[in-house]
Amino acid sequence: MDDKKKPERPAFPNMRPGGKRLMPPAGLVWTLIILSLAVLFLVGRGSVGAKELDQSQFEEMLTRGDIISAKVASESENVLSVTGEYKLSPADAALVKQQNPNSNGNGQYKTKVLNSDSLQQLLREKVGKVEITLPDTWVTYMLSWLPMLIIAVLLWIFFARQFRNSNRSALQFGKSRAKMIAPNEINVTFDDVAGADEAKEEVKEIVDFLRDPLKFKMVGGNIPKGCLLTGPPGTGKTLLAKAVACEAGVPFFSISGSDFVEMFVGVGASRVRDMFEQAKNNAPCLIFIDEIDAVGRSRFSGLGGGHDEREQTLNAMLVEMDGLQSRSDVIVLAATNRPDVLDPALLRPGRFDRTVVLDLPDVVGRRKILEVHVKKIRTAGDIDLQTLAKHTVGLSGADLANMCNEAALLAASSGRDEVTQNDLEEASEKVRWGRERRSRKISDRERRLTAYHEAGHAITVLFCKYADPLHKVTIIPRGQALGVTFMLGEEDVYTHSKLELFDRMTVMMGGRAAEELIFGDVTTGASNDIEVASHWARMMVCVFGMDNGIGPIKYGDFREHVHVRYDAPAQDILSPETAREIDLAVRELMLKAHNRAVEILEKEHDRLEKLAQALLERETLTYKEVVALLGLPDKDAALEVAPGEIAPGEASGSDCVEPEAETGSVPAESAE
């Protein structure tokens, strides 16, 4: 076997050894063809079909008077070029007329003759129309070729750019699309990341290592190679990654998970290798992969199909993060709001050693976030951020930023140069439930129906001890709802008891119960109320174990999944008898909540009428206005009625529910 190294073939045959690209052969051929056609057209357009004459023939025709016109140009010092028209014989003229009706019946000629006085004398005597052209200078000669030169340059530029871009795109197709950001280009610090104190404490170790890695290596400790930032959307995962890069003062490579996956197999893996190679050359540095679930989904899970490209890209990422070659001083940060779908090999120690959870902020965190965003707008002196923080339970940092921006827009549209407390509260309601739709035309019947519906919700809120406190009730359309009853908790709650959930279901059924009592009929306006109440009833039975008949057993798979409904139980693991018992238990809870709402409203019928009439007149009532109108105590308006179907001894307070469920609002849907 010959061990001589064969010369490598160039990737592109039109490349010089030095790397400079030549004009592609195809482009050169097309350029020459177009130039040739242009030259032929410009040179020969004036002599098509002309008869060539020698000097004797030309002088003979001049003597007979057959030459009609002559255009004389100097070819050289003694040679003249003459073109023009001459008379045809009657037969030839008739033939020309037959072939071309628009012709004048004359023929075209061209000749070259020696210049002489006798010839000039004949031209003056025998030809009525003589045109003499001055001899061409070098300026006129260059101007005649200028159009063709411009065409040639434009063609060269067009074809050269076309093929240069194609060559560049072919070479760059497998390169990483990560954008390198210098430390001085990032103006985000830890002070800008409010409401996530625990998360900042965890990532500060990464910053300390990047600033002084020797301190950790002397002790024998290894900094985490990767840190996974998880949490609901809008909680500040990307913002925290920018703050880490800014505080550490190192290069920051940013890329999205979807930038790796392409339709061609192997491109994603090539981009992963190139990205880590660039990071190694700029170490110490940070790599931030946003939405890593686009490329890091669990293999063989059936989610997203069997895409070989995604799997090869994931394998390349696994090897680069913890393979045979050590990638020290290169730390990978990744963000996702779906950590449950990531591959287990990606989350093991040595790759993503640490998982930092950024949850929805509590009341203290919301106040800090509001302080950060309120500094960016001009506010009046009476802003109460503590009250806003209490009334924005369940909102993320992005929601609070949007709320402050909406408040500034509301103030500007109203002609004011400062944001007031009312602007911020209106913006909060707009972010949650949509903007007021005062222009929506509603009939008097639907308006009266909505007033009693919302009054039913408000009365049941006031007389259910464990329900969320009433904040405001309105019959002004907002979003898709004809009216809304706002219930806002004063503090963050992470667990709910059986009595709290049952009171919440009772409040949901209050609108439908009011319709039955006042109108003797029900409408579609309570469809969303029934949906939410049914959801909580099924969760109480199947997940929280709050039904005495079913017992403390979990039935069904209630994971929040992208392809599975949140409250859809897996029917294949339930026997028909158990499924029937669950349905009966859910129906019993719903009927108990409905009957209790009817009982409260029958007892407080006068207050229901008074509140509904006030809503028809004033459209919106706050909590203080409601309790003053109904003659109830201001701070302790929740009054106990006769014990319902659920005794207090059956309450359970150790089951966690989602923070989004902490805030209640009961919209009255349109009857369309």
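The values are calculated or read from the model by the stated rules, or taken from the named source; none is laboratory data. Since the structure is predicted, the reported quantities are computational estimates derived from the model, not experimental observations. Cβ coordinates were reconstructed from backbone atoms using ideal geometry, including for glycine residues, and neighbour counts include every protein chain displayed. We work out accessible area using only protein heavy atoms, side chains counted, and drop any ligands, DNA or RNA first. Shrake-Rupley method; radii C 1.70, N 1.55, O 1.52, S 1.80 Å.
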* Asked: Within the range 591-608, can you find the residues that are part of a helix (DSSP H, G or I) and either touching a helix residue (DSSP H, G or I) at 6+ places or on another chain (Cβ under 8 Å) or open to solvent by less than 30 Å² (accessible area, probe 1.4 Å) (or both)?
  -> 592, 593, 594, 596, 597, 598, 600, 601, 602, 605, 607, 608
* Asked: Filtering the range 501-533 down to residues that are more than 39 Å from the chain's Cα centre (by Cα) and of a type in the set (Asp, Glu), which residue is surrounded by the fewest Cβ atoms within 10 Å (Cβ to Cβ)?
  -> 521
* Could you list, in sequence order, the residues of the range 443-464 that are open to solvent by 10 Å² or more (accessible area, probe 1.4 Å) and touching a Ser or Thr at 6+ places or on another chain (Cβ under 9 Å)? -> 446, 449
* Quick one: what pairs do we get from the range 395-416, first residue at pLDDT 90 or above, second of a type in the set (S, T, N, Q) and part of a helix (DSSP H, G or I), C-beta under 7 Å, 6+ apart or different chains? -> 403/428
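Listed here are the residues, each with its yes/no results for (1) modelled with pLDDT of 70 or more; (2) under 60 Å from the mean Cα position of the chain (by Cα); (3) surrounded by 10 or more Cβ atoms within 10 Å (Cβ to Cβ); (4) part of a loop (DSSP other than H, G, I, E, B).
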{"position": "91", "(1), (2), (3), (4)": "yes, no, no, no"}
{"position": "111", "(1), (2), (3), (4)": "yes, no, yes, no"}
{"position": "121", "(1), (2), (3), (4)": "yes, no, yes, no"}
{"position": "125", "(1), (2), (3), (4)": "yes, no, yes, no"}
{"position": "131", "(1), (2), (3), (4)": "no, no, yes, no"}
{"position": "135", "(1), (2), (3), (4)": "no, no, yes, yes"}
{"position": "140", "(1), (2), (3), (4)": "no, yes, yes, no"}
{"position": "144", "(1), (2), (3), (4)": "no, yes, yes, no"}
{"position": "147", "(1), (2), (3), (4)": "yes, yes, yes, no"}
* residue 213 open to solvent by 20 Å² or more (accessible area, probe 1.4 Å) and closer than 16 Å to residue 289 by Cα -> no
* Asked: Can we say residue 229 is closer than 20 Å to residue 253 by Cα, outside any helix (DSSP H, G or I) and modelled with pLDDT of 70 or more?
  -> yes
* Residue, farthest from residue 115 (Cα to Cα), within the range 74-85, restricted to residues that are assigned to a strand (DSSP E or B) and open to solvent by 30 Å² or more (accessible area, probe 1.4 Å) -> 85
* Flag for residue 71 being surrounded by 15 or more Cβ atoms within 10 Å (Cβ to Cβ) and farther than 15 Å from residue 60 by Cα -> yes
* To do: For residue 192, indicate whether it is under 30 Å from residue 367 (Cα atoms), surrounded by fewer than 16 Cβ atoms within 10 Å (Cβ to Cβ), of a type in the set (D, E, K, R) and modelled with pLDDT under 85.
  => yes
* Asked: Any idea which of (1) open to solvent by 70 Å² or more (accessible area, probe 1.4 Å); (2) within 29 Å of the chain's Cα centre (by Cα) is the one residue 434 doesn't satisfy?
  -> (1)
* Here are some residues: 567, 572, 529, 583. Which one is part of a helix (DSSP H, G or I) and at pLDDT below 85? -> 572
* From the list 625, 588, 577, which one is at pLDDT 90 or above, part of a helix (DSSP H, G or I), open to solvent by 20 Å² or more (accessible area, probe 1.4 Å) and at negative phi? -> 588
* Asked: Can residue 540 be described as touching a Lys or Arg at 6+ places or on another chain (Cβ under 6 Å) and more than 30 Å from residue 445 (Cβ to Cβ)?
  -> no
* To do: Would you be able to say whether some residue in the range 430-439 is out of contact with any strand residue (DSSP E or B) (no Cβ under 6 Å at 6 or more places or on another chain) and within 18 Å of residue 630 (Cβ to Cβ)?
  => no
* Tell me, yes or no, whether the range 494-508 has at least one residue that is in contact (Cβ under 8 Å) with a residue 24 or more places away in the chain, part of a strand (DSSP E or B) and either touching an Asp or Glu at 6+ places or on another chain (Cβ under 6 Å) or of a type outside the set (Ser, Thr, Tyr) (or both). => yes
